[in-house]
Each structure stands twice: as structure tokens, then as C-alpha cells.
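Here is the structure we will look at.
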Amino acid sequence: MEPTVAPLDATLGAVVTGLALGRMDEPTWKTVEAAFHRHAVLVFPGQHLSESEQIAFANRFGDLELLAPDPEQKAVAISNRKPDGSVMKADEHRFKSLRGNEGWHTDSSYMPLAAKASVLSAQAVPPAGGETEWADMRAAYDALDEATRRRIAGLSANHSLYHSQAKIGHVVETGAGYGFHTKGAPLRPLVKVHPVTARPALYIGRHAYGIPGLDPAESEQLLSDLLDAACRPPRTYAHRWQPGDVVIWDNRCVLHRARPYDYGEVRVMRHTRVAGDPATELAPTDRDERARAYEPSTSNR
Ligand SMILES: [Fe+2]
């Protein structure tokens, strides 16, 4: 049976039904891959994948980015529930990282090798809120006026998780978790040409700062103006999760954010991240003033 790909009422995203992600044959996979390149966000309701099935699904798109210290751990929980079952408190490091996810961003832009794609599956969802929302940076680029396109054509920005967390009042020590490293802040062009579709897209978000050639205030203003104009309908879609739903998105051309919820409720997502292609997602780094040291590296490990 051919899966059904139903585009969402936005410039990005489609709901894909009539398939089991855990056992796709080759024609079904080809349909999914083509839909991924076309729609950039794919929603698969009610899949209820096991952890190994989710890892295998993400692996179809490429090597996985390892987010935990243990190289055998390919999936991580994005969760406010602690191992003892209690809910995280507002002053905890991990909770502040979760709150950081509520700002528009693209995954791992602060690592030497940015991510290709991300997969989330819902394990436990709060009764209200807690959506994930995506914004189409291809359509956002298309919507720019000619003068803005000319202005940003040669510009790049550094990306740093220290920077984005500091902006929400979370000052983090080097080594405190994934992303808080000494490899430096990658310098990435504001316009990214997609390696498969060749469509230009804005490559911005909360981790971006410090455009070389602009003074810091001017840089901040430009990045926030671009972000503000980009993340609006019809370029956005927010998914209201049900347990068992799976979503994959293309970090090379969409931004995403988590939406707030009652943080006394439990929200548990399982996450797998597909590594970028070094030919197109690896960036040189500059010293990150917020890190303890600068030890340039092309490896995320
Ligand atoms: Fe994210």
C-alpha cells in the first residue's frame, strides 16, 4: 500500500499515514524521503515506535549525532521527569535547557557539524500546551525583499549555546552538558543553500549572534528582525502531540521551538538526531568568549 502524504495548511509540513515506520519497504522509504525533501517536516501519527525502531528510522537519513556521553546511547529523552519520577524544578540546569528550547532554533548549529534532521516521538504529553512548532526558512527567504536579500547575501553569524542560554539568564559552565564545549562558535552563513533541493533558506535562530562586520547591537537587531518576520503564518505549523506520534524535520531549512505548558505536568519526548553531512554542515569556528578555552575541532565528540 502506498502511504498518503497530505500537505498541512502551511508552506511546510505534511501528515503521512498508511505506513508503519518500523517496517518500511524500499518504495515506501523512497516516498518518505522525497516527502521529507519537499515538505521539510513530516508528521506520522500513532506510530508508537520502540526505541530501536526509532533509531533505525532516523538511521535511514544518515549517521546519528551522539548526544549522550555513552556512544551506545543513540536516543535521548527530552523530558522534565527525573529518574526518580519527580518533575524538575525551575532552578535546575536541565530545566533551563528545556526552557531554552522554547526559543526558535535549529539543532546543533552551535556544534562544528550542525544537524541534518531531528526525530521526536511523544512518550508522555501534558494535557494542554507542550506543542512543537516549526517555521519554514525557505519560504521566509522567498518572502524577503530584494534589498534585504542583498544586505544579508555575504553575511554570517557565530552560533553558540552558551550565548542563547545566557540570553535567558542561564549562564553555563564549560562541560556542563552537550553543546557547552571548547571547540569554538561555528561561523555559518545567514543564507544556507539546501544540499539536495538547492533552495536557499534563512539559517538563523537563537544560537546565532555576532555577525562579523556589524557592531553587536546592529547584528542583534538584524538577526531579531529577520527571525521575527520569518516565523509567522503561513510559514509555521504547531503540532499538538499524542503519545505515539513521530515527527522528523530538516534542520537545514526549518526552525523549531517547544511551546510552554504547565511544568508541573510530565512531558517526555524521545529524540534522535541525524548528523549533518561534513561537506555541507561543517563550519569553521571562532573563539567563544563564554567558553573556558578555545580548542578548535571539527568533531562534535
Ligand atoms: Fe531543538
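Residues that are in contact (Cβ under 8 Å) with a residue 12 or more places away in the chain, away from the ligand (no atom under 14 Å from the Cβ) and within 16 Å of residue 274 (Cβ to Cβ) within segment 72-91 comprise 74, 75, listed in sequence order. When restricted to residues that are in contact with a Phe, Trp or Tyr (Cβ under 7 Å, 6 or more places away or on another chain) and without any contact (Cβ under 8 Å) to a residue 60 or more places away in the chain, segment 173-203 contains 3.
Cβ-Cβ distances below 7 Å connect no pair with a first residue in segment 92-110 that is more than 26 Å from residue 286 (Cα to Cα), a second residue that is within 9 Å of the ligand (Cβ to nearest atom) and at pLDDT below 95, and a separation of six or more residues or different chains.
Residue 84 - would you say it is open to solvent by 60 Å² or more (accessible area, probe 1.4 Å) and within 22 Å of residue 198 (Cα to Cα)? No; evaluated as a whole, the condition is false for this residue.
On the stretch given as segment 126-149, residues that are more than 12 Å from the ligand (Cβ to nearest atom) and crowded, with 21+ Cβ neighbours inside 10 Å total 8.
Within segment 44-67, the residues that satisfy the criterion of being outside any loop (DSSP other than H, G, I, E, B) and over 15 Å from the mean Cα position of the chain (by Cα) are 44, 51, 52, 53, 54, 55, 56, 57, 59. Selection within segment 229-269: residues that are open to solvent by 30 Å² or more (accessible area, probe 1.4 Å), under 23 Å from residue 205 (Cβ atoms) and touching a Gly at 6+ places or on another chain (Cβ under 8 Å). The member of this set that is nearest to the ligand (Cβ to nearest atom) is 257. Scanning segment 1-20 for residues that are in contact (Cβ under 8 Å) with a residue 24 or more places away in the chain and either open to solvent by 60 Å² or more (accessible area, probe 1.4 Å) or β-branched (Val, Ile, Thr) (or both) turns up 2, 5, 7, 9, 11, 15, 16, 17. Total residues in segment 110-143 satisfying the condition of being of a type in the set (A, V, I, L, M, F, W, C) and part of a strand (DSSP E or B): the figure is 9. Checked against (1) within 14 Å of the ligand (Cβ to nearest atom); (2) under 30 Å from residue 50 (Cα atoms); (3) assigned to a helix (DSSP H, G or I), residue 95 passes all but a single condition, namely (1). Being of a type in the set (D, E, K, R), more than 15 Å from the ligand (Cβ to nearest atom), within 22 Å of residue 40 (Cβ to Cβ) and surrounded by fewer than 20 Cβ atoms within 10 Å (Cβ to Cβ) is a property that does not hold for residue 287. For segment 200-246, a tally of residues being out of contact with any His (no Cβ under 6 Å at 6 or more places or on another chain) and over 14 Å from residue 139 (Cα atoms) returns 24.
Of all the residues in segment 23-33, those that are open to solvent by 40 Å² or more (accessible area, probe 1.4 Å) and either within 17 Å of residue 247 (Cβ to Cβ) or not in a helix (DSSP H, G or I) (or both) number 2.
The values are calculated or read from the model by the stated rules, or taken from the named source; none is laboratory data. Since the model is a prediction, treat every value here as computed from it, not as a measurement. Positions of Cβ are generated from backbone atoms using ideal geometry, with glycine treated the same way; all protein chains shown enter the neighbour counts. Only protein heavy atoms, including side chains, enter the accessible area calculation; ligands, DNA and RNA are left aside. Shrake-Rupley method; radii C 1.70, N 1.55, O 1.52, S 1.80 Å.
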